[in-house]
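Read-outs: derived from the displayed coordinates by stated rules, not from any lab. Because the structure is predicted, anything quoted here is derived from the model rather than measured. Glycine also receives a Cβ, built like all others from the backbone with ideal geometry; neighbour counts cover every protein chain displayed.
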Amino acid sequence: MNDSKRIKESEITDENTYLNRRNFIRAGLLAGTTVASGLGYRLLNPPPPRPVETADIKGVTKSGNASLTDEPNSLEEIANYNNYYEFSTSKTGVAGAAENFKTRPWTVSVDGLVRKPRVFGIEDILKIDQEERIYRFRCVEGWSMVIPWVGFPIKRIFDIVEPLGNAKYVAFQTFYGGSNPRGEGVDLPEGANGMQSSLFAGIPFPYVEGLRLDEALHPLAILATGIYGKVLPNQNGAPIRLVVPWKYGFKSIKSVVRITLTSEQPPTTWSKAAPNEYGFYSNVNPEVDHPRWSQATERRIGELSRRDTLMFNGYGEEVAGLYKGMDLKREY
Ligand code: MTE
């Protein structure tokens, strides 16, 4: 790892005090004064937005999302306000911290309850037809954007590996720490590529997420490889990340290296960290508040006044059927 890119202890603090990084390992690590002075420094000196330099993706179908009239956010906004705790807990700090993240070579292993388990090279995945999908994106913290993703329905991958009849869930895992993929709480080796220890992030790594198989098979659930027709910037989860537009943003796991079909509901990072605050489903729902704040409204990045949050983030017509008969207050 390049030492100049290593996050300094004084920078480990965070403006989004609301996501509960309840300190399972790092309690006591950071003195309160360090946190306070770091935050003060950053509020006075936010880093300038970084220019986004990525290559064009060729042959993207412009299918878009016909019902969406919202204006998309700019690439500069999308690539400079990020949550990616492996790199930094500062939204404006992720882009710089992830600058040297190496996304080649890259493989995605698809295994578990499938007839034909396979390790895909990213080059093979990129041969799948890519299309543009302009989606609303709502973070559980109460901000939102509109993002023109490039990607393809996850179903395309499942059509290749053929899930078995007893597969009911899908577990996803983010890259972590190169040769030390389970390096929780230890010094990371060279291969960590700029990622930080979970000690500093306050959540366990590798980051994991999950969906029910029928949710993953829904045509709106995509694996994204780009934004605005360009290769996904590192800070947005290069080279491939999940996007589930009707769920809170933390379900949309970044830099995926493993997809495992299972019969049991898989663990997810945020529900491990704070089970009473983040559930497995995490569908956008203005009527179910987070224990510490309302989810009724949201701040669209770039707008001054708040707007109403929509049930299933506005995708109810397409996805409500997945949750028929469920009590969404209980299964949050
Ligand atoms: N995936 C990993 N591996 N690590 C993370 O910290 N943050 C999640 C999600 N996926 C996160 C992640 C959260 S909280 C949000 S809101 C979105 O990524 C942010 O995606 P963006 O930075 O592309 O807007």
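Structure summary
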| quantity | calculated |
| --- | --- |
| The stretch 57-164: relative contact order in percent, alpha carbon pairs under 8 Å with at least 6 residues between | 31 |
| Dimensionless Rg/Rh of the stretch 92-152 - Kirkwood Rh, Rg from C-alpha atoms | 1.06 |
| Fewest-first sequence of S305, S90 by Cβ atoms within 10 Å of each Cβ | S305, S90 |
| Cα-Cα over 22 Å, subset of K116/K324; K272/K329; K58/K251 | K116/K324; K58/K251 |
| Prolate/oblate/rounded label for the stretch 198-332 (Cα gyration tensor, a/c 1.5) | rounded |
| Sequence-separation-based contact order of the stretch 206-332, relative, with Cα cut under 8 Å and 6+ spacing, percent | 22 |
| All Cα pairs of the stretch 210-284, percent lying beyond 21 Å | 28 |
| 37 °C / 0.692 mPa s Stokes-Einstein diffusion coefficient of the stretch 43-165, Kirkwood radius on C-alpha pairs, µm²/s | 190 |
| Burial ordering of M326, M311, M195, fewest other beta-carbon atoms within 10 Å first | M326, M311, M195 |
| Whole-Hz couplings from phi, Karplus 6.51/-1.76/1.60, listed for the stretch 232-237; x for Gly and Pro | 3, x, 3, 5, 9, x |
| Over 26 Å between alpha carbons, listed pairs K62/K247; K91/K127; K230/K254 | K91/K127 |
